[in-house]
Amino acid sequence: MRVEHELHARRRGRNIGVGLLLGAFIAIIFGLTVVKVLSLGDVRKFESFDHAPRPQLVPAEAPAAAEGAQ
Amino acid sequence: MTGFRDATGAMNFTGAATVARTGMNGHTMSDASLDSAVTAPGEAGLGDYFALLKPRVMSLVVFTALVGLLAAPVPVHPFVAFVAILCIAVGAGASGALNMWWDADIDAVMRRTAKRPIPAGKVAAAEALGLGLALSGFAVVLLFLATNWLAAGLLAFTIFFYAVVYSMWLKRATPQNIVIGGAAGAFPPMIGWAVATGGVSVESALMFALIFMWTPPHFWALALFVRTDYGDAGVPMLTETHGRRVTRNHVLGYTLPLVPVALGLGFTSIGGPVYLAVSVVLNIRFLLGAWAVWRRDETQAEADGYASEKRLFRLSLSYLFLHFGALLAEAVLRFYGLSVMPW
């Protein structure tokens, strides 16, 4: 049986309020992040640098090293 | 029953004063000679912490800041605008909490403020200080991240101005405290404008000046007909330090420069015929009201129960609200392409 401490009952309103405020804070930061990212415009201009495969950057000795390891 | 109520009230008051003192000095409450149930801070609810933020002052701050933001020629994303106004409101609330922390001793003396959370013993003074500092940091940093450094810097300066310049330096030192301290209440539309434009302009400076020049006649009209206990708390008020005749002179003296400031705003890019029409009517009435307050003496004022002073104070409330409401109306008309601006 779980007996709730009297303090918890007394501070329930305050705790719920603090919880709601923290939730609102998270929502604000998340919303602000979404708005800021969307306001950047076309995201492909960033992806072209970060996500496009560039074979010239792959080390030439990598396959040999992998075979040697086997 | 009356005796019991009086005794309880007296005990609560003493306890509250003890809490305020000990909290301010950072000592424990071991010196309290009263019942601990009376001297210990009560179980503060969320509402008590909210009361520290002076929500009524916040509502005026929110309204004027919103008008400053919407009147600006640069559109702001609605969510960013919401966060910005929230930050300005929280910043204003934080300065209110810092003000209550610093003024806990005089709040306990005055009847109007004795029920505030700190003198009432619900919130410890140190808690108010912590809340004020934390919310100040939160509001300024978030406003910087959401908008720009100028808006955040202006908000930080406003908090500093209200908490330090007004509360700590001026309030107990000079009867001109509300004149200079009024600047803190005048900054919000300038911050709202900076949120949108990232700068300061004639328009935002005039919005600042409108509130700044409006504060003295608004406040001193009230001081003429309300008997306050600021004197008991050691706060110099013009009505008591220089007399009521001088206060009447000051009411008219500050109304005269207020009129061109208010009308001048109508000829800027955020003004227009709607604003000017509203402003002309309001300023004629305000000038006549200030003139009526100035030209009579105490005997005449007492004879009709300070009717002119009360009328001027009521008018001052709608004066500011309608001026900013007219600016908002002009912004809405511009948004829909309905503005008729010959200049």
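FYI, it's all coordinate maths here, none of it is from the lab. None of these values were measured; they are calculated from a predicted model. Cβ atoms come from the backbone with ideal geometry, glycine included; neighbour counts cover every protein chain shown.
Annotations for the structure displayed:
- Ranking B:Gly130, B:Leu206, B:Thr239 by how far each Cα lies toward the positive end of the dipole of chain B (charges on Cβ) leaves B:Leu206 at the top.
- Within region B:203-231, backbone nitrogen closer than 15 Å to the virtual label 7 Å beyond the Cα of B:Arg296 toward Cβ: B:221-222, B:224-226
- Proximal lysines to B:Lys54, defined as alpha-carbon separation beneath 19 angstrom and excluding residues fewer than eight positions away on the same chain: B:Lys115, B:Lys122, B:Lys171
- Chain B: DSSP helices with Cα axial extent of at least 30 Å and average Kyte-Doolittle hydropathy no lower than 0.0: B:78-102, B:125-146, B:177-197, B:202-225, B:244-265, B:273-295, B:307-335
- Relative contact order of region B:201-343, pairs being alpha-carbon contacts under 8 Å that are 6 or more residues apart, as %: 31 percent
- Here the contact order of chain B, divided by its residue count and restricted to Cα pairs under 8 Å and six or more residues apart, works out to 17 percent.
- Vicinal HN-Hα couplings computed from phi for region B:108-123 (Karplus, 6.51 cos²θ - 1.76 cosθ + 1.60; Hz; Gly/Pro x): 5, 7, 8, 4, 5, 10, 5, 8, 5, x, 6, x, 6, x, 8, 10
- Ellipticity estimate at 222 nm from DSSP helix runs (n ≥ 4, -39,500 (n - 2.57)) divided over chain B, nearest 500: -24000 deg cm²/dmol
- Taking every alpha-carbon pair under 8 Å whose residues sit at least 6 apart, region B:45-199 reaches a relative contact order of 35 percent.
- Region B:120-146 and region B:314-343: distance between their alpha carbon centers, rounded to Å: 34 Å
- 15 Å beta-carbon shell around B:Ala51, net charge (K/R +1, D/E -1): +2
- Taking Cα centre as origin and charging only the Cβ of basic (Lys, Arg, +1) and acidic (Asp, Glu, -1) residues, the dipole magnitude of region B:45-199 rounds to 360 debye.
- Residue (of B:Asn177, B:Gly192, B:Ala146) at the positive-pole extreme of region B:45-199, dipole from beta-carbon charges: B:Asn177
- At R0 = 35 Å, FRET efficiency that the Cβ-Cβ distance of B:Arg227 and B:Leu338 yields, to 0.05: 0.10
- Approximate spin-label separation B:Leu46-B:His77, in nm, with each point projected 7 Å along Cα-to-Cβ: 2.8 nm
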